[in-house]
Amino acid sequence: MVMKNKNAHYISFRVYHMFLVLLTFIACLLFALTLISVANNKYIPMLIISYAVFFIIACASYKRIYLPYKETSKVLKLFAKGYTIQGIYQLRWPLSPEMDQAIKKIKAIFDTSDLINATKKQSQYLALQNQINPHFLYNSLEGIRGEAVVAGLDNVAEMAEALGVFFRYTISNMENLVTLEDELTNIENYYIIQQYRFGERLNLSVKYDCEDKKEVLKLRLPKLTLQPIVENAIFHGIERKMGKGNVTIRIETTPKRLIITVSDDGLGIQEEQLRELNKKLNTQSFDYMRTDGERRAGIGIINVNNRIKLLFGEKYGIDIYSTVNLGTDVEITLPRITEKGGESPDERRSFSYGTGN
């Protein structure tokens, strides 16, 4: 007989229905025993013991089998939908020894460090499309800057210098973590480049919601965390806006976290698009690492978000808040990592501002 149910080929489906059949059979036996005991006024102690044993087995099955199975099933569903990667490696109740061994093997193959290396390579690819020789670029820009200085073209010289420093930072020494100061310096060079296009239409500022600015600048974060976010703010928020546009980088800390918010007062994001973007940020997918030349909206933010989650865990990453015609806030949550790689023990900083650029 061919089973028509689409889930019939799953062993769990078959075990579940066999368990229901067994449970129904036992219930029928108990019901028959109850009728016989009541009718003949016999076997009452046996009936009580039978019900007690049935109840104990039912409770034990619920706690020892059903609840662990539901927990495992939930983790597997979340993994299948892309909401968790680490959870699949931390299953408390594998369905079988073979499944436990298979997961360990998958973990060994699907090594997080390999994915981190892939995202670093992708960062380089997205920045320069893997087509520019860095040394040739540096030498060419330095040559342009020198000629501009000789010709008295100070603006051209400044732009060439900023562009050279920006690309040097983007390509060279793609280590995992850099200081916040280095990231902000890179943003300053990026802002200089964009000013030649937008002029006074664009304003960038950095604000610190903390007392010890020098200490905060030494905190570490993944390289190229801020530039893709600022780029999105400029090109998707400010570029199509009439009049001036402002991009603000707000930095705040807690005892265990570094929180950076990149805000713009641009056109904002439509509600449906915002919902879809946040959904992508809350699911871990590596489609963004494709090198087929396809550039989808928000891929820079998704790239940054995935690198953060790979490095530090699923509780960190990016959230986006936006109102149409008012602007967008991109909140980046990171662990508070000192220069030596440990978490800073400092207590939460009180409210204070500093402004740059």
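Computed from the coordinates by the stated procedures, all read-outs in this text should not be read as laboratory data. Quantities reported herein were computed from a predicted structural model and do not represent experimental measurements. Neighbour counts are summed over all protein chains in view; Cβ atoms, including those assigned to glycine, are modelled from backbone coordinates with ideal geometry.
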Length released on extending from Leu153 to Asp329, taking residue separation times 0.36 nm less the Cα-Cα span: 59.6 nm
Sites Leu76 and Lys241 - FRET efficiency at Förster radius 45 Å, r taken between beta-carbons, to 0.05: 0.50
Listed pairs Lys213/Lys315; Lys107/Lys256; Lys256/Lys279; Lys74/Lys223; Lys107/Lys207; Lys241/Lys280 exceeding 30 Å between Cα atoms: Lys74/Lys223; Lys107/Lys207
Global geometry of region 205-269, whether rounded, prolate or oblate, following the gyration tensor of its Cα atoms and the 1.5 cut on a/c: prolate
Residue-by-residue Karplus 3J(HN,Hα) for region 306-323, coefficients 6.51, -1.76, 1.60, Hz, glycine and proline x: 5, 5, 4, 5, 5, 6, 10, x, 6, 7, 9, x, 10, 10, 10, 10, 8, 10
